[in-house]
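The values are calculated or read from the model by the stated rules, or taken from the named source; none is laboratory data. Because the structure is a prediction, the values reported are computed rather than measured. Please note: Cβ atoms are built from the backbone with ideal geometry, for glycine as well, and neighbour counts cover all protein chains shown. The area values use the complete protein model at the heavy-atom level, side chains included, leaving out ligands, DNA and RNA. Shrake-Rupley method; radii C 1.70, N 1.55, O 1.52, S 1.80 Å.
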Amino acid sequence: MYKTIVVGTGPSGLTAAIYLARANLNPLVIEGPEPGGQLTTTTEIENFPGFPEGIMGPELMANMRQQAERFGAAFKTSWVTKVDTSKRPFKLTLENGTELEAETLIISTGASAKLLGIPGERESIGRGVSTCATCDGFFFRGKKIIVIGGGDSAMEEGHFLTRFASEVRIVNRRSELRASKIMQDRARQNPKVAWSLNRTPLEVVSGEKGVTALKVRNNETGEEELLETDGVFVAIGHKPNTGFLEGQLKVDEQGYLQVSPGTTRTNIPGIFACGDVQDHRYRQAITAAGSGCMAALDCEKFLEGEMVNDWSHIL
Ligand code: NDP
């Protein structure tokens, strides 16, 4: 049985692992299908303090992992399929059926980009459809791109993609944008940005060489339109990776884990959450890392409290 298991290896999980390992708690860290989390799909990170010249996302994550290993954190690559939080020790089931037990858990499984679920979308990921402008923008030099969404992500990605594309068309299902005024203004002032508002995406159309168009419904006329493009960037928000917890922990209406304010404590004593899986507001590498540190400290305190209780009947 482990004292603590950390599920997820983004900046929050790895920071938690560094702190737990340095506290001699020998954490087991479970690495999922996207080791390193969302930062491994970005390029340069310019706003993580301590790197005045910036650092590449994958390198930052590799460094954090190495740091955790140096202090004794163990890593296991697997997909957690089930967690039983009904009693302690908590039980985790891995995809190969292995069961692990832990006195405490830290959930740091992050969030993933949402998809529209329209025909042609999923099968064209990596062949013209993307959810990450910083990762894939470079492949669209001199080409036409569509960005779907009307929030800050869409504005930011759209603006960024004009570095590469000849035209970036922002497609949103409503005529109002959800994005903050400053981000909207920046996109509106960019001469390379075109707009197709009040259009509901219906289908990503592809030919032999990849994506050729986005089929949309014009919500004013009800008619279908074909918007020609070389690529489609979907920027409609993120969803927390909590599927494997299935009703085991309290979540909010969007599925983010709920923690008691100012802490990383979930509704089950001994289970802590950190990073994007419990944060839809800040979603930054540095805030995720900070909450990973908080989770490790909360976890240590919890175990110390438990140890005192365990010993009290012996003394
Ligand atoms: P948001 O939830 O703010 O916006 C999502 C957008 O996608 C909305 O326009 C929404 O339309 C649209 N959308 C959602 N689902 C669908 C669908 N199925 N079909 C078509 N359109 C859909 O997500 P963001 O990722 O943009 O932002 C999330 C948070 O992160 C926000 O708080 C934002 O401020 C923050 N953020 C901040 C940044 C910054 O400050 N640099 C950068 C990026 C994000 P509708 O409005 O009709 O629901």
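Looking at (1) open to solvent by 40 Å² or more (accessible area, probe 1.4 Å); (2) within 16 Å of the ligand (Cβ to nearest atom), which one does GLY158 not meet, given that it meets all the others?
(1)
Take the stretch 26-57 and flag every residue that is buried (at least 16 other Cβ atoms within 10 Å of the Cβ) and modelled with pLDDT of 85 or more.
Answer for the stretch 26-57, where residues must be buried (at least 16 other Cβ atoms within 10 Å of the Cβ) and modelled with pLDDT of 85 or more: PRO27, LEU28, VAL29, ILE30, GLU31, GLY32, PHE48, ILE55, GLY57.
Per-residue answers, yes or no, for (1) outside the structural domain of PRO269 (by TED's automatic domain parsing); (2) closer than 19 Å to THR9 by Cβ; (3) in a strand (DSSP E or B):
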residue: PRO33; (1), (2), (3): no, yes, no
residue: LEU39; (1), (2), (3): no, yes, no
residue: ASN47; (1), (2), (3): no, no, no
residue: ALA62; (1), (2), (3): no, yes, no
residue: ARG65; (1), (2), (3): no, yes, no
residue: PHE75; (1), (2), (3): no, yes, yes
residue: LEU100; (1), (2), (3): no, yes, yes
residue: THR109; (1), (2), (3): no, yes, no
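Can you tell me which residue is surrounded by the most Cβ atoms within 10 Å (Cβ to Cβ) among those in the stretch 195-213 that are at pLDDT 95 or above and over 15 Å from GLY150 (Cβ atoms)?
Across the stretch 195-213, the extreme among qualifying residues is VAL204.
Mind listing just one residue for me: the one in the stretch 130-149 that is at pLDDT 95 or above and crowded, with 23+ Cβ neighbours inside 10 Å and, of those, farthest from VAL204 (Cα to Cα)?
Among residues in the stretch 130-149 that are at pLDDT 95 or above and crowded, with 23+ Cβ neighbours inside 10 Å, the one farthest from VAL204 (Cα to Cα) is GLY149.
Considering the stretch 117-129 alone, what residues qualify as being out of contact with any Leu (no Cβ under 9 Å at 6 or more places or on another chain), in a loop (DSSP other than H, G, I, E, B) and open to solvent by 50 Å² or more (accessible area, probe 1.4 Å)?
GLY117, GLY126, ARG127
Among SER112, SER78, which is within 16 Å of the ligand (Cβ to nearest atom) and under 21 Å from the mean Cα position of the chain (by Cα)?
SER112
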